[in-house]
Amino acid sequence: MKHYDLFIGGAAAKPQSGVWFDSINPYTGEVWAKIAKADSNDVSAAVASAKAAFEGWAGTHPSQRGRLLYKLADIIEANAERLAEIEVRSNGKLYAEMLGQLRYLPQWYRYFGGLADKIEGAVLPTDKANIFNFTRYEPLGVVALITAWNSPLLLLSFKLAAALAAGNTAVIKPSEFTSASALEFAELCVQAGFPKGVVNVVTGLGAETGQILCRHPDVAKISFTGSDATGAKIAEQAGKDLKRVSLELGGKSPNIVFEDADQEAAVMGAISGIFAASGQTCIAGSRLLLQSTIHDKFMARLLEVARAAKVGDPMNPDTNVGPVATEPQYKKVLGYLDIAKKEGAKCVLGGGPYTGPGAKGNLFVEPTIFTGVNNKMRIAQEEVFGPVLAVIPFKDEAEALAIANDIPFGLAAGVWTKDVGRMIRMSEKLRAGTVWVNTYRAISYMSPFGGYKRSGMGRENGQDEIYEYLQTKSVWIATETAAVNPFVMR
Ligand code: NDP
């Protein structure tokens, strides 16, 4: 059994509480690792270590910061298989999916490593005589990075690469369910040559360790990925403490199929939107909006493909759908199946726990489809975060838009059509941070990602992200000194 300590000041550190908690493999149901539980003393030690490292790191030439990020990218590449396996052991997602993420991860460090020495201020042509004015971008200080369990290192890298490139130091709090990979990752930062204290990891429960970290007075910014409910709590406290905060939250994304779409491509897009990762992705296309004229034919093919999905061991390359990640998540998903049935939605596939071939442990849910859903039902309005699809019919483009936007969330949307004008109209009018047309679940380090409405605030990925971790300073230098009237503004 592997024991994981905290990671503070460039080395493993025993928790001062002397308490470790279990990390459970969702597929087998077995405890596979023990994770250190950080208390307020440990959090203070981690923040102090990040604070002590800040001046040195912020003062390191940006090209050198970039070189270290490049080196880290190469080391991640060499460790991709090992890290992917650890992630599968923690969250039960398919090895193929996690390995794909891990092999892609180095690009975040290369992209932001390349950006580190391209952060340029400006000389401003102000209207003041004999004054030279310029701007500089400066890092914030210690940033707290808090992540969800569904794609642990990918979600961390969405934050960490930009935060480090900008010159901040970090204290990471991964989900209690998937702490091991962040701790292994921190060791790779040492191998890459990052100075002590630039990257720290405190593990523990969200409502304890996470909350203590967010409230620490030396944390300058909180970057959070998780549910809208937790995000709201964090934003409320950050407001009281006047701390910066960015939030990547949940979604209930519409995947909209028009009658003129390539129907087979759209069927595959609908499947990938909800059954990939057992529906445990923030961008899940969990509302399938189908034009009434194609509803029945589309559903027949969708059911055929969904029924063929192989449920089982996430490490098996033939498996399409693994378990859900945690017991609370499993109970939540089953609860929504009952809610949908009571609301009058028609269950046309699945609808309960999966105990068939390939199942092990107690966390498998049948891939489930409800038809006859109306957009006011809870199954259409609330994030389930499981393999559960709500199918909603619509008449025309106007109705599709009205249904798609009638939701508190706005993370992503999919549109399937061959009509170019409609592609443009829909992409303009959908209230979501990402719109995919004739594709789904495409993500890149180069393209901004984030939510409208309750799906969050701030953006990750793309050049803009670096400014989430910088603050602007305006510098005024008099080019001629003169005694001026001190009682009026210059
Ligand atoms: P939670 O909100 O429960 O937890 C997210 C993180 O916050 C975890 O590390 C958790 O720790 C921690 N946490 C919990 N309570 C607090 C607190 N009071 N103060 C500080 N930290 C806290 O979300 P889940 O982990 O269940 O993740 C699923 C959610 O994440 C879904 O809503 C999903 O849509 C969203 N998500 C959003 C993404 C995006 O980019 N927009 C990407 C991926 C997921 P612990 O686990 O120990 O409780």
- So for the stretch 219-336, what percent of the C-alpha to C-alpha distances run longer than 25 Å? 42
- Query: Tell me, what HN-Hα J-couplings in whole Hz come from the Karplus equation 6.51 cos²θ - 1.76 cosθ + 1.60 at θ = phi - 60° for each residue of the stretch 5-14, using x for Gly and Pro?
  - Reply: 8, 6, 10, 9, x, x, 8, 5, 9, 5
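How much of the DSSP bridge set in the chain is antiparallel, in percent, rounded to the nearest 5? Mind dumping the intermediate values first?
Details: 29 of 70 bridges.
Given both bridge residues lie in the chain, the antiparallel proportion sits at roughly 40 percent.
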- Near LYS341, which lysines are there with a Cα under 18 Å away, not counting those fewer than 8 places off in the same chain? LYS331, LYS332, LYS376
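When the helix-only estimate is applied to the chain (DSSP H runs of n ≥ 4, each -39,500 (n - 2.57), divided by the residue count), what is the mean residue ellipticity at 222 nm, nearest 500 deg cm²/dmol? Let's see the in-between values first.
On the way: 15 runs with 180 residues, N = 490.
Roughly -11500 deg cm²/dmol at 222 nm, from the helical runs in the chain.
Going through the cross-link list LYS93/LYS395; LYS34/LYS360; LYS233/LYS473; LYS173/LYS453, which pairs have a Cα-Cα distance over 28 Å in this structure? Working shown, then result.
Values: LYS93/LYS395 36 Å; LYS34/LYS360 22 Å; LYS233/LYS473 30 Å; LYS173/LYS453 25 Å.
Exceeds cut-off: LYS93/LYS395; LYS233/LYS473.
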- Query: Once Lys and Arg get +1 and Asp and Glu get -1 on their Cβ, which of GLY414, ILE234, LEU6 lies farthest toward the positive end of the dipole of the chain?
  - Reply: ILE234
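Given the alpha-carbon gyration tensor of the stretch 275-345, what are the semi-axes of its equivalent ellipsoid in whole angstrom, ordered largest first, with each equal to the square root of 5 times an eigenvalue?
For the stretch 275-345, the ellipsoid semi-axes come out as 23, 19, 11 Å.
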- On the first, second and third principal axes, largest extent first, how far apart are the outermost C-alpha atoms of the stretch 34-88 in Å? 37, 33, 9
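For the stretch 272-359, with only Lys/Arg (+1) and Asp/Glu (-1) charged at the beta-carbon, what is the dipole magnitude about the Cα centre, in debye rounded to 20? Mind dumping the intermediate values first?
Details: 10 positive and 7 negative charges, 53 e Å.
Value, rounded to 20: 260 debye.
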- Message: Please arrange MET423, MET98, MET1, MET489 by how many other C-beta atoms lie within 10 Å of their C-beta, fewest to most.
- Response: MET489, MET1, MET423, MET98
- Note on the structure: Net charge (Lys, Arg +1; Asp, Glu -1) of residues whose beta-carbon lies under 12 Å from that of GLU236, GLU236 excluded, is +3
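When the convex hull of the Cα atoms of the stretch 164-287 is projected onto a plane and the area is averaged over all directions, what value comes out in nm²? Intermediate results must be reported in sequence, preceding the final value.
Numbers: hull surface 41.9 nm².
If you wrap the Cα atoms of the stretch 164-287 in a convex hull and average its projections, you get 10.5 nm².
Could you quote the convex hull projected area for the chain, Cα atoms only and averaged over all directions, in nm²? Please report the intermediate quantities before stating the final value.
On the way: hull surface 103.5 nm².
Dividing the Cα hull surface by four gives the mean projection, 25.9 nm².
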- Cα radius of gyration and Dmax for the stretch 106-241 (Å): 17.3, 60
- Task: Please report LEU72, LEU99, LEU247 as a ranked list, fewest other C-beta atoms within 10 angstrom at the top and most at the bottom.
- Result: LEU99, LEU247, LEU72
- Message: Along each principal axis of its Cα atoms, how long is the stretch 348-490 end to end? Whole angstroms, biggest number first, please.
- Response: 85, 44, 29
- Any chance you could give the angle, 0 to 90 degrees and rounded to 10, that helix 80-91 forms with the longest Cα principal axis of the chain? 60
- Query: How big is the stretch 360-425 on each of its three principal axes, counting only the C-alpha atoms and giving the largest first in Å?
  - Reply: 49, 24, 22
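Every read-out reported here was derived from the displayed coordinates using simple, explicitly stated rules and does not represent laboratory data. What you see is a predicted model; the values in this text were computed from it and never measured. Every residue, glycine among them, receives a Cβ derived from its backbone with ideal geometry; neighbour counts consider all protein chains shown.
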